[in-house]
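The values are calculated or read from the model by the stated rules, or taken from the named source; none is laboratory data. Owing to the predicted nature of the structure, the values given are computational and were not obtained by experimental measurement. Please note: Cβ atoms are built from the backbone with ideal geometry, for glycine as well, and neighbour counts cover all protein chains shown. Calculation scope for accessible area: heavy atoms of the full protein, side chains included, ligands and nucleic acids excluded. Shrake-Rupley method; radii C 1.70, N 1.55, O 1.52, S 1.80 Å.
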Amino acid sequence: ARFVEGLPPEAFHRRPGPGDWTAAEVTGHVSEAPLTFAAHVRRVAETPGAAVGRPPEDPGRLSAVARLGDAGPTEGAELVRQGVRQAADVLRAIPAEGWQARGVHSRLGELSVAEMVRLSIVEHLRGHIAQAREAAGTNA
């Protein structure tokens, strides 16, 4: 969020190449992905063995990618902060024993809730930070 809010609007909406996401599109996805995956892992914590994940063409994912098309970096940053706060609230409510529950992620296979959070939220967002920097044409 801090990186995004410091971007000029032209960098936020810069498309590095055909088919590449702009920083705005990455930000839209990042604003919804943590909460979506927090809900998935909560389901695994409540129902061990549950299947989680979603395909790239998931309507929620695609609408989030498009949600900041006309917005500026400040609005994008606020949506990211809001989404991360909501995801953290969901994750804090998982009891200690729920973090060891195992489920089946659609791409990553069988994982514990803790592993899903690390891979599907933390590492996923780290990758998107790098993607947004590249899209904006900066290494800031």
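Ordered by 1.4 Å accessible area with all protein chains kept, ASP58, ASP89 run largest first as ASP89, ASP58. Once you divide the Cα radius of gyration of region 66-140 by 2.2 N^0.38 Å, the number left is 1.35.
The C-alpha atoms of the chain occupy a region whose extents along the principal axes are 46, 27, 25 Å, arranged from largest to smallest. Converting phi to 3J(HN,Hα) with the Karplus coefficients 6.51, -1.76 and 1.60 and the offset θ = phi - 60°, region 61-74 yields 5, 5, 5, 5, 4, 8, 5, 9, x, 10, 8, x, x, 5 Hz in sequence order, with x at every glycine or proline.
For region 5-41 and region 109-140, compute the distance between their C-alpha centroids and round to whole Å. With region 5-41 and region 109-140 each reduced to a Cα centre, they are spaced 12 Å. Based on alpha-carbon atoms, the Kirkwood radius and the radius of gyration of region 1-68 give Rg/Rh equal to 1.09. Computed on the Cα atoms alone, the convex hull of region 46-102 gives a volume of 95 cubic angstrom per residue. Here THR47 sits with roughly 80 square angstrom of accessible surface, probe radius 1.4 Å.
Hand me the GluC sites (Glu not before Pro) from region 1-83 located in a DSSP loop with no more than 14 other Cβ atoms within 10 Å, in residue order please. List each step's numbers first, then the result.
Values: sites: GLU5, GLU10, GLU25, GLU32, GLU46, GLU57, GLU75, GLU78; in loops: GLU57.
When the GluC sites (Glu not before Pro) of region 1-83 are filtered for loop state and at most 14 Cβ neighbours within 10 Å, GLU57 remain.
Modelled this way, with points 7 Å down the Cα-to-C-beta line, the labels at ALA96 and GLU78 are 3.9 nm from one another.
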